Each structure stands twice: as C-alpha cells, then as structure tokens.
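The values are calculated or read from the model by the stated rules, or taken from the named source; none is laboratory data. Keep in mind that this is a model prediction, so the values were computed, not measured. In this analysis, Cβ positions are derived from the backbone assuming ideal geometry, glycine residues included, and neighbour counts consider all displayed protein chains.
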Amino acid sequence: MPRGGSSGNRRARASARRRPKVRWVSTFTLFAVAALMASMSGALAFFLPAVMTAFASTGQAVTPPFVPGLSSPSPVAAQVGPFTVLLLGSDDDQKFDPAHVLTQSMILVRVVPATQQVTMLSIPRDLWVPLSTGGTAKIDGAYSYGGPAAAIATVERNFNVHVDEYVWVGLKGLIRLIDALGGVDVVASNPVTDDYYPRDIDSNNPYGYMRVAVLPGPQHLDGTNALQYVRSRHGDLEGDFGRSQRQQQVLLAIRERAKHITVADVPALAATFNGELKTSMGIARIQQLLPLAAALTNPDAVRQIVLLAPYTTITDVDNQSVVLPHWNLILPLVHQYFP
Amino acid sequence: MIGKPAATAALVITMLLSGVGTYIYEAAHQTELRKVAKAPTKIAPAPPAYLLSGTLYLAQGGALYSLGGGVFKSVTPAGGWTQPSLLPNSSSLLAVKRDQSYSNVYQLGLDGSVQSQLTNNAGSRFNSDPGANHWSFYPRFSPDEKTLYMSYDSAKQLDYEVDSAIWGLPIGATINQGRRWTSPNQYTGGDVQPLPLPGGGLIYVKYDEDTDGKMASELWLTTRPLSAGKALTTFDEDCSQPALSPDGTMLAMICSRKQQQSQLVIAPFDGSSLGDRRVLVSDQWVAQPAWSPDGAGIAYLAPAGSGGLFQLWWLPKGAYAPPPPGPSPSPTPTASAARKGKPTPKPTAAPAPVPVKPVQITTDVGFDATSSIAWHA
C-alpha cells in the first residue's frame with residue numbers, strides 16, 4: 001500500500017516519535033499501580049492479625065489499615081471529643097462458661113482530651129441494682145446474662161451516663177497486654193498478701209488456691225504479678241474496694257506504657273490477645289486514641305473514685321453479701337464527672 | 001527497547017520489593033516495648049562504676065550479683081534469691097530465697113555459698129492448706145550479730161489475714177523461740193523492712209489506711225518488743241525503705257505521698273526523731289537507697305527514662321552535701337592603680353556551684369526494685 005503524501009509522512013514520523021513516550025508513560029503507570037497494590041498487600045499482611053482480632057473481638061467492620069503514604073498519621077489528640085469507656089474484667093478461667101462470665105471489675109472512665117482530665121469510677125461488683133435484662137441482682141451478673149450490651153445498658157440506666165465504648169478483658173488478656181507492653185511500673189501501696197489466691201491460670205485444678213505476696217514500693221511488674229496485685233482481695237481491709245484502688249493504679253500504669261505505642265505495634269498487640277480482649281473500638285478508633293494516651297501527661301488531672309461509704313453500704317440480701325447503692329449521693333457525683 | 005520477558009520480570013521484582021518493603025517498614029517501626037533484661041554480667045557498667053568503693057550486692061531475676069571494681073560477678077544462680085544484706089562485720093550475707101508459697105532466710109558466704117538456713121517456713125507436706133506456709137522477708141542482723149530481724153507472717157489470727165510483723169530471732173533458734181516486736185495494723189500487709197539501730201531498737205515500716213481507703217506507709221521507731229513506739233514520718237509522707245548513713249546521723253528513705261511517684265528523701269536522725277526532710281531525687285521512680293560505706297554518696301535503683309527496667313544509679317555526696325565554699329576572692333588594690341586614681345577592681349562573685357546530678361551506672365539490666373542493695377566496704 002502506497003504511503004501518503006508529504007503530510008502523511010510527517011504524521012507517521014510524529015507518531016513514531018510519540019509512541020515510545022506513550023509506552024513509557026503507560027509502563028510507568030503500570031509499575032506504579034503494581035507497586036501501590038503490592039504495598040497495600042504488604043501492609044495488609046502486616047496488619048492481618050489485628051484485622052482478624054478485630055473481627056473476632058467485635059464483629060464490626062474494620063477500617064483499612066494505615067499504609068504509609070496513603071493516609072495521614074493519626075489526628076491530633078485535640079480533635080477527639082470527650083468520651084466514656086466502660087472497662088470490664090472477668091474471671092474467665094475453666095470454672096466458668098466462656099459465654100456467661102461475671103465482670104468482677106467494672107470501671108467507668110471519662111476522658112476529656114481538651115482539658116486532659118481523666119476520671120475513673122470503680123463500680124463495686126456486688127452493687128445491688130436492677131439489671132437491663134430484668135430483675136434485681138449484683139451488677140457483675142449483667143454481662144453474664146446479656147454480654148456487653150446488657151452490661152452497658154445496666155450501667156447507663158442506673159448511673160444515668162452514656163457509654164461510648166467498652167473494653168472487656170479476661171485474666172490472660174490482662175497478663176498478655178501487660179507483658180506485650182513490657183510490664184508496668186507501679187508503686188505498690190502496701191504488701192499485698194493472700195493465702196487463698198485462685199490457682200486458675202494454666203492449672204489442672206482451677207478450684208485450687210495458691211499464696212501470693214506482692215511486696216510494697218516502686219517496682220516493675222510483669223503481667224502475672226500485676227494480675228496478682230489487682231486481683232487479690234482476701235488480705236485487704238477493704239476487700240473488693242481495696243483492689244479497685246489497685247486496679248485503677250495499674251490502669252494508669254498501662255496508660256503510661258501505652259504512650260510509647262504506635263499504630264505499627266497494633267498487630268503484635270492484637271496477636272497476643274487470642275480472644276481474651278473484646279472491644280467496641282475498631283482499629284481506626286484505636287489509631288485515633290493512641291496519640292491521646294501520650295498527650296495525657298498531667299497526673300494531677302486524674303481523678304480516681306471508689307464508691308466506699310457513705311456512697312454504699314454492705315449488707316445481706318437473700319443470704320448473700322451485697323453492696324447497696326445510695327443513689328442520692330452517687331448520682332450527683334456521677335453527674336459532676338460524667339455529664 | 002525492553003523485551004516483554006524483561007519487563008514482566010521487572011514488574012514482578014518491583015511488586016515484590018514494594019510488598020515486602022512495606023511489611024518490613026511497618027515491622028521496623030514497631031516500638032521496642034518488651035525489653036528483655038540482660039544479666040548484669042553481660043553488660044559493661046558506665047565508667048563511674050569504677051569509682052564506687054567496695055562491693056555492692058544486688059538482685060535480678062532471682063539471682064544475686066556483686067559489683068566491685070567496675071565489674072559485675074554472679075554470686076548465686078537464679079533460684080528465688082533476693083534482698084541481700086551484710087552482716088555487721090561484713091563477713092557474710094543474709095538473703096531471702098523465695099519459693100512459690102514460702103520464703104526462707106539464708107546466711108551466705110560472700111561468694112554465694114550457703115552457710116546456713118536460718119528459717120524453716122515451708123508447711124508440712126501433709127498439710128494442703130496454703131496458709132500453713134510462711135513468708136520471711138527483709139532480713140537484717142542486729143549490730144551484735146546475735147539476733148536476726150525480719151518480717152514474718154506468723155500463725156493466722158483471722159481466716160484471711162496475712163499480716164507480717166517484725167520478729168527478732170536468736171541466731172540458730174527456731175521461730176518458736178523468736179519474739180514478735182511489732183503489732184501490725186490488721187489487713188494492711190503488716191510491718192516490714194526492719195532496720196536495727198547501733199544503739200538498740202529498730203526503725204521499721206508500718207502500713208495503714210485513710211478514710212478514703214488509701215494505703216500508705218510510715219517509718220516507726222521502737223526500742224523494745226511490742227512497745228508502742230513512735231512514728232518518725234507522717235501518713236501523708238508515705239515513706240518506706242529506710243537506710244541509715246554510715247555515721248548514723250542521716251536517714252535516706254523513699255517517700256511517695258500516696259501517689260504513683262517516689263522521691264529519694266534524706267533527713268537528719270538523732271536517734272529518736274527525724275529532722276527537716278530534703279528531697280534529693282523527685283523526677284525518677286526511685287527505690288532502695290543505699291549509702292556507700294565511705295560516705296561518698298548514695299546508690300539507688302530507678303528506671304532510665306520514663307519507665308521500665310530498674311537500673312543502678314549513683315548520687316555523689318556533692319548533690320546533698322556540697323563542699324564548703326572557699327575563701328572569697330578579694331582583689332588587692334595595686335599601688336600603681338591607687339596612684340593613678342583608678343577605681344579599685346570589684347571582687348568577682350564566686351562561680352555558682354555546678355549542680356551534681358545522679359549518674360546512671362547500668363543500662364539494659366532489670367534489678368529487682370523490691371530488693372535492698374547491700375554494700376560492703
């Protein structure tokens with residue numbers, strides 16, 4: 001086929017000149033897209049344990065993980081509004097049906113990022129209240145009857161607060177969390193000694209007992225010793241109230257260690273829990289809150305509340321020892337710090 | 001022009017590098033949260049360690065170590081060993097060997113060899129009740145080396161009560177021949193950390209609780225068994241871990257003020273009361289002060305940085321007893337200056353003393369912060 005005239009020759013020459021450039025652009029684009037997809041795959045592989053844990057723990061949609069270059073770092077702490085978290089801790093050893101555990105530890109935490117105020121209110125596990133699932137019983141039974149939803153609803157109705165998030169942790173979950181953080185630093189308030197501490201962690205007989213003695217003073221506690229410190233109650237004059245003080249102490253120590261966590265640490269942390277931690281918070285929310293932990297630096301801005309007398313009275317109801325709430329005193333206190 | 005196979009290979013390599021690279025990038029940005037403590041014998045202490053006179057004994061991970069001449073040596077293998085203290089004549093050590101349900105006091109040679117077991121706190125093999133066991137902690141010999149003082153939880157008065165009291169036990173005697181010296185407050189954990197005094201009597205730590213349910217400690221002085229004694233510090237000061245200076249005139253202690261903090265505090269001690277407190281260290285999690293036998297300073301344990309494993313620190317004496325100021329420089333007017341009517345040079349102020357700061361001796365180890373430091377001259 002004869003080629004065209006002179007203008008056709010020029011077009012052909014121009015096309016020949018352009019073709020390599022177009023090819024290079026398309027090749028570069030292809031490589032860039034491939035590299036991007038591969039990067040995302042790499043990030044997904046890295047965050048997979050966290051993603052799986054999030055699905056297993058909360059069953060909620062998981063926000064895509066942070067990929068360098070694709071998303072900006074976590075928002076500054078100041079952009080997070082005030083929020084309330086209900087922390088739940090359970091004895092979930094072999095003695096109990098995993099689906100129906102009591103919450104021996106219940107702590108309401110209010111964080112106001114703008115003022116860096118943190119308020120922790122320990123709810124006595126034996127508090128005698130109407131449950132959201134019906135009837136009146138000790139408040140630690142709410143989770144047992146209806147899971148986190150029932151525990152949250154029971155707390156919200158009785159204390160007249162709104163709970164934004166919850167975190168549930170089992171015995172091993174607390175040990176693993178603290179170990180994954182490299183231990184916590186506490187000033188043990190007194191010698192915590194107990195001759196009848198449950199021997200229910202990795203034991204053939206979960207009904208057995210063991211002796212524990214956590215010595216007083218500043219020290220670095222690993223997960224097992226920290227659990228002993230917050231769980232032991234027999235040797236304490238205030239019993240359950242006494243260990244509530246210690247639980248708040250260790251909670252603050254965990255927050256102190258959490259200051260050093262980055263989002264890159266989330267997968268390793270998530271992998272350690274193995275079902276021993278459940279939360280309503282997704283990875284994106286955790287990513288949002290991590291910088292907040294570092295921003296809360298003023299120890300004087302932390303308020304710790306334990307509902308001792310006169311807020312409560314210990315008495316017997318139906319042949320069981322319970323804690324009776326005096327709502328006329330409790331609700332104004334709660335309203336002040338959990339508006 | 002690149003051929004198709006080459007382009008494909010390049011694409012695969014690019015994807016591999018991007019994917020693996022991103023994974024490695026994320027992994028590399030993980031925080032080193034879980035630091036594993038190195039054995040003290042595996043580290044080289046900071047140079048000031050060479051200036052510390054004598055030998056220090058410390059506990060880590062159930063093993064005892066010594067530090068002398070700037071070098072750490074193993075004293076005992078890991079086996080629950082903690083809380084070393086020296087006999088007054090420094091010929092041997094006292095230490096606690098802790099098992100899961102009980103602990104015993106042993107007398108050890110300075111090389112760690114067991115010389116004798118001084119308590120027998122294990123319950124009978126035929127008694128499955130955990131409460132049949134006992135704890136002995138914080139052992140100290142009396143200055144005359146005839147009595148072992150320690151905290152000890154005797155037979156329970158109430159079902160769940162495990163409160164230690166300070167006991168005095170003649171050397172070689174059984175606990176039945178010992179004497180209880182103090183009456184602890186019930187359900188507080190009890191009285192701990194006895195410090196026998198050269199003139200008789202002892203200082204110890206007593207725990208109590210305020211109306212808000214907060215526990216705190218006080219230093220108490222008692223001169224005879226079961227006497228009421230007297231408090232040396234207040235409940236709000238929340239002091240513990242007393243250590244007497246070599247000349248017996250100063251007391252170092254750790255005070256927490258019922259907060260999650262600790263301060264190294266010293267105060268003059270006249271044998272019956274404490275004088276004005278002086279805070280030496282307040283920005284660290286300080287524990288276990290120990291005076292150097294030559295009076296050159298105070299060693300203590302504290303994490304490096306914001307928290308974590310406890311390291312050995314050294315606070316030279318200059319930090320709390322600065323040398324007396326030298327004579328003020330008073331310039332002598334020269335005859336020629338006077339003749340020329342020049343103004344006499346003003347005396348220059350003495351330079352402000354440079355504040356003496358604590359020196360970190362170790363890194364990457366993790367000493368037992370509930371264990372005292374023993375210091376041999």
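For this structure, a couple of remarks:
- B:Pro246 falls short on exactly one of the conditions (1) more than 14 Å from every other protein chain (Cβ to nearest Cβ); (2) closer than 22 Å to B:Val279 by Cα; (3) surrounded by 15 or more Cβ atoms within 10 Å (Cβ to Cβ), and that condition is (3).
- Residue list for region B:182-201, restricted to those being hydrophobic (A, V, I, L, M, F, W, C) and under 16 Å from B:Phe137 (Cα atoms): B:Val192, B:Leu195
- Of all residues in region B:55-90 being among the small types (Gly, Ala, Ser) and more than 17 Å from the chain's Cα centre (by Cα), the one that is farthest from the other protein chains (Cβ to nearest Cβ): B:Gly69
- Residue within region B:91-110 that is assigned to a loop (DSSP other than H, G, I, E, B), on the phi > 0 side of the Ramachandran plot and under 20 Å from the mean Cα position of the chain (by Cα) present: no
- Any hit, region B:25-41, residues being on the phi > 0 side of the Ramachandran plot and more than 9 Å from every other protein chain (Cβ to nearest Cβ): no
- Considering (1) at pLDDT below 90; (2) surrounded by 15 or more Cβ atoms within 10 Å (Cβ to Cβ); (3) under 24 Å from A:Arg243 (Cβ atoms); (4) not acidic (Asp, Glu), the lone condition that A:Ile330 does not fulfil carries the number (1).
- Boolean, A:Ala268 is within 10 Å of chain B (Cβ to nearest Cβ) and of a type in the set (Gly, Ala, Ser): yes
- Taking region A:234-245 as the range and being under 18 Å from A:Leu171 (Cα atoms) and either modelled with pLDDT under 85 or more than 9 Å from chain B (Cβ to nearest Cβ) (or both) as the test, the residues that pass are A:Asp240, A:Arg243.
- Of the criteria (1) modelled with pLDDT of 65 or more; (2) touching a Leu at 6+ places or on another chain (Cβ under 8 Å), which one A:Ala77 fails: (1)
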